[in-house]
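Okay, so here's the structure we're looking at.
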Amino acid sequence: MPRSLPTTVRIGLLAGLLALASNVAVVGFIHWRTNNQLLDALEDSLPVAVALSILLGLVCGGIIAQYVGRRVHDIATVADRVTAGDFGQRVRPSQSRDAFDRLGQQINDMLDRTGALMDELRMLTDSLAHDLRSPVSRLRSAAHSAAEASDPGERDQQLANVVRQADALMRILTTVLEISRSEALTSRSQFAWFDIGDLAAELSEMYEPVAEEAGASLRFDRPDMPIELLGHRQLIAQAMSNLIENAVRYGADGRGIVVSVSQRRGQLEIAVADHGPGIPAEHRTEALRRFGRLDSSRSEEGAGLGLALATAIAHLHDGKLRLDDNQPGLRAAIELPATRRLAGA
Amino acid sequence: MGRKILLVEDDRETAAYLAKGLGQEGHSVERATNGQDGLFQATDGTFDLIILDRMLPVLDGISVLKALRAAKVETPVLVLSALASVGDRIEGLESGSDDYLVKPFSFAELLARVNALLRRRESRIDPADHRIKVGDLEIDPLSRIVRRSGKKLELKPREYLLLEYFARNEGRVVTRTMLLEQVWDYHFDPGTNVIDVHVSRLRRKLDDGFDKPLLHTVRGAGYMLAA
């Protein structure tokens, strides 16, 4: 950006010199075509014109240089203050809607986005530290009980519980890691084409007995045509299995769970719908958040991360996760663009 | 039937724990503490199995693995790693390893995988009759027909795959994660008891109405098919 300052000054001077040159050209032209007194008068005034032109050029250049300098200075000041730690600073737009305003706006957008990411990260770190307290304290008390147990049979049982609690803790950490990996878009190199119908059929077959044990039914509405997707098969499978597991866990009472995949108007949708209690509209944003549990009774192993992971995996594929009312129940849908950009943004 | 295993692991505690456990199983374990030494010892080619940590000093595990495969050393490799994301697992498997185990793991899980890899090598050396027999159970992988005491069992496709995998690992512990990876080809951890549900369905078809059960639950580890 600092390079535009001397460039603009040069443009100002150039404008002045061009004005001068055209003056001389006009005089020369008239001189060639006519030969009257007007010309003599013009010729006499030529030095004055030259002086005025140069002066005008310098003044214009100066004004432009000063304007550009001021605008750049404004933006640079904001950048300096943000660097110094005042993250609330933003570039003030002028009324002129010029290139500097656009630049300022872009810088403001960038700062907003960075700020949002920082807030999210801070919240995640806070909630991670907070949410790990209960599994860690469960682990601690299990270890304590194992140490206290005098009967070998009981001690074995308690030690098995210690291992189970440690595994639950690992699962939470793995999922958190998976979420941040997905959001960093690192796994895009493992994208490949596959039929989402095949995958959905496979997962439905896998979870159908689980749903049945939970007293529900699970059905997959397979479309007639294959629906090809360029994506990460394992991660999409994981996102879908999270949605199906949620449906089995919370929505199994009632009639049944329906898995569907569809494609229309360049949009691909993988949906899992249940007839359970659903999530009220005002709580849906909270449900998508990491550790965003809707009630504390759900504080089982890893709970509160499934939907956040599904969201992160949808983002990895330039899509999103939508929660809707299934009237009654919850309809969770991963929406992905059917034709994808080539470059990883 | 002890085997020669090369353990390439820089963490002293983990290495000692694994070497002790594998030693108790009757295997002889040689150790290397960095990637370069590991590669040097592995290219000898006299090992039955290499257990390779992914993050090693001097030369990382994946580079060692690629170098080994490039040098046409086909010894089975089990990669151990603290890198737990699905992407990391896929990368680990695609770089030429035979199995990938995420830290922390139970010794039972490691042992089950070690045995499965050693077994695979065994069967490669000795190609048997294409039918698999476990007690009075007979599986024909070509027609996918399963009989027990001559009676035909009606299995769904996935149930058949599950049973075939169990049968190929007859008498060995098979963990839930191994089943998920080998029978379903999923490399993530489903939170629910999905594997248990499928195994218990298979068990009903396999063992109900017969005096002697074939499919056993191994507490704290997984399952085992044995006559």
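Data table
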| read-out | value |
| --- | --- |
| 3J(HN,Hα) from dihedral phi, the range B:194-202, Karplus parametrisation 6.51/-1.76/1.60, rounded to Hz, x for glycine, proline | 4, 5, 4, 4, 5, 5, 5, 5, 4 |
| Theoretical FRET efficiency, 1/(1+(r/R0)^6), r = Cβ-Cβ of residue A:164 and residue B:93, R0 25 Å, to 0.05 | 0.35 |
| Residue B:145 long-range amide H proximity, modeled H, under 5 Å | B:140 |
| Normalised per residue, the volume of the convex hull around the Cα set of the range B:61-108 (Å³) | 71 Å³ |
| Over 32 Å [Cα-Cα, chain B], rounded percent | 23 percent |
| Ratio Rg/Rh [Cα only; Rh per Kirkwood] for chain A | 1.29 |
| Phi to ³J(HN,Hα) by Karplus 6.51 cos²θ - 1.76 cosθ + 1.60 over the range B:109-118, Hz, x for Gly, Pro | 5, 4, 4, 4, 6, 4, 5, 5, 5, 5 |
| Rounded to whole Å, sorted largest first: equivalent-ellipsoid semi-axes of the range A:132-183, Cα gyration tensor | 29, 10, 4 |
| Percentage, to the nearest whole number, of Cα pairs in the range B:132-225 over 21 Å apart | 26 percent |
| Stretch gain in nm, segment residue A:43-residue A:114, where the contour uses 0.36 nm per residue and the Cα spacing is subtracted | 19.2 nm |
| Pairs of alpha carbons in the range B:1-69 whose separation is greater than 14 Å (percent) | 52 percent |
| Simple label model, 7 Å out from Cα along Cβ direction - residue A:102 to residue A:54, nm | 3.7 nm |
| Whole-Hz ³J(HN,Hα) from phi, Karplus 6.51 cos²θ - 1.76 cosθ + 1.60, for the range A:106-123, glycine and proline x | 4, 5, 4, 4, 4, 5, 4, 4, 4, x, 4, 4, 5, 4, 4, 4, 4, 5 |
| Overall Cα dimensions of the range A:89-195 - principal axes, largest extent first, Å | 82, 42, 16 |
| Charged-residue dipole, Cβ positions (Lys, Arg, Asp, Glu), the range B:132-225 about Cα centre, Debye nearest 20 | 220 debye |
| Residue A:219 long-range amide H proximity, modeled H, under 5 Å | A:257, A:258, A:259 |
| Distance-filtered residues of the range B:17-48 - backbone nitrogen under 17 Å, label point 7 angstrom along residue B:58 Cα→Cβ | B:30-45 |
| Largest-first principal axis extents of the Cα set of the range A:188-337 (Å) | 40, 29, 28 |
| Net dipole in debye of the range B:4-125 [+1 Lys, Arg Cβ; -1 Asp, Glu Cβ; about Cα centre; nearest 20] | 300 debye |
| Length gained when the stretch residue A:322-residue A:125 is fully extended (0.36 nm per residue, less Cα-Cα span) | 68.4 nm |
| Placed amide H near residue B:31: partners under 5 Å, 5+ positions off or other chain | B:7 |
| Debye log10 I(q)/I(0) for the range B:4-125, one point scatterer per Cα, at q = 0.11, 0.14 Å⁻¹ | -0.31, -0.51 |
| Pair residue B:208, residue A:137: separation of 7 Å Cα→Cβ label points (nm) | 4.5 nm |
| Too-long pairs where the Cα-Cα distance tops 25 Å, listed order kept, from B:103/B:205; B:152/B:212; B:133/B:212; B:66/B:133 | B:103/B:205; B:66/B:133 |
| Rounded tilt (10° steps) of B:157-168 against the dominant C-alpha axis of chain B | 60 degrees |
| Inter-label distance for residue B:106 and residue B:24, nm, one decimal - labels placed 7 Å from Cα along Cα-to-Cβ | 1.4 nm |
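Laboratory data are not the source of any read-out in this text; all were calculated from the coordinates shown. Note that the structure is predicted; figures quoted are calculated from it, not measured. FYI the Cβ positions are ideal-geometry reconstructions off the backbone, even for glycines, and counts take in every protein chain you see.
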